[in-house]
1. Quick check for me: using +1 on Lys/Arg Cβ and -1 on Asp/Glu Cβ, what's the dipole size of the range 143-191 about its Cα centre, in debye to the nearest 20?
2. Could you tell me the largest-minus-smallest coordinate of the C-alpha atoms of the chain on each of the three principal axes, in descending order and whole angstroms?
3. So what's the net charge close to PRO178: Lys and Arg +1, Asp and Glu -1, counting the other residues with Cβ under 14 Å from its Cβ?
4. Can you list the cysteines of the chain that have no other Cys Cβ under 4.7 Å away?
5. Which residues in the range 73-88 have a backbone N closer than 13 Å to a point placed 7 Å from the Cα of TRP126 along the Cα-to-Cβ line?
6. Counting helices only, and only those DSSP H runs with n ≥ 4, report the 222 nm mean residue ellipticity of the chain as the sum of -39,500 (n - 2.57) divided by its residues, in deg cm²/dmol to the nearest 500.
7. Where nothing but the Cβ of Lys and Arg (+1) and of Asp and Glu (-1) is charged, how large is the charge dipole of the chain around its Cα centre, in debye to the nearest 20?
8. Quick one: among ILE147, ILE22, ILE91, which has the greatest mean-square fluctuation in a GNM of the chain with alpha-carbon springs under 10 angstrom?
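The values are calculated or read from the model by the stated rules, or taken from the named source; none is laboratory data. Quick caveat, the model's predicted, so the values are computed rather than measured. Please note: Cβ atoms are built from the backbone with ideal geometry, for glycine as well, and neighbour counts cover all protein chains shown. Calculation scope for accessible area: heavy atoms of the full protein, side chains included, ligands and nucleic acids excluded. Shrake-Rupley method; radii C 1.70, N 1.55, O 1.52, S 1.80 Å.
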Amino acid sequence: MHIVTLSFDDGFERSSLRTAEIFERHGLIAELNVVATGHRGEPDETWHTGWPKGDFGLWNELQARGHRVMPHGYRHANKVELPLADAQRLIERCLDVFAAELEGFEPSEASFAFPYNRSTPALEAWLGSQVRAFRTGGDAVMRLPHIGQQRVTCVSFGPARCDDHMVRTVDAFLAGPPGWLCYNLHGLDEEGWGPVGSDTLDRLLERLVGRGVQVLPITDVLDSIAA
Ligand SMILES: [Zn+2]
């Protein structure tokens, strides 16, 4: 069995809508990891400005259509560069905003996507008591999921278009033994860091569905073994 998670970060309004539409075309659920204050102008890193972010009106709409909207930080801080207590405080504020703004949000059922895929062992140990699972940088391919798994590792590619890297990574995975591949994406076409072409994404999903590969968000993968 091969399981593929495509995990989309940063909550660009236009890309998130199009990503959801492309996944729906193939009968799939998209995973969108969004910044709690994204619609209020955070993060303020220069590479993020110029691409409007969605707000919780959009996130609630996409969630109601069946997609997973998950936390990607309060203001997109690189948690490795902060004292542990400060990083914890930001994650708590992020989860508080989600609880207030996103219908039915339960931290214990959520996956947290670390900005920049950067985390520390101390932060991971603490975060495991706050959320269901978390995504950080590491090997793209994991063993098939196990009960109690919280740590999910992924790769990404940028700042240029990631189309070729994504397709090569997925094809190499499918040629290998059973496992779980998590690939981190951002915007579509020209939007965001390391964007993927919507046509490339559409063709990849068509191919994966045609081969019977399971394409699932992180929490759905974990639910599938907990059932
Ligand atoms: Zn991000």
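1. That gives a dipole near 420 debye.
2. Its Cα atoms span 44, 38, 31 Å along the three principal axes.
3. Here the charged neighbours net out to +2.
4. When partners are defined as cysteine Cβ atoms under 4.7 Å apart, the chain leaves CYS94, CYS162 without one.
5. Answer for the range 73-88: 79-88.
6. Value at 222 nm, helices only, nearest 500: -11000 deg cm²/dmol.
7. The calculated dipole for the chain is roughly 540 debye.
8. Looking only at ILE147, ILE22, ILE91, the largest GNM fluctuation is found for ILE147.
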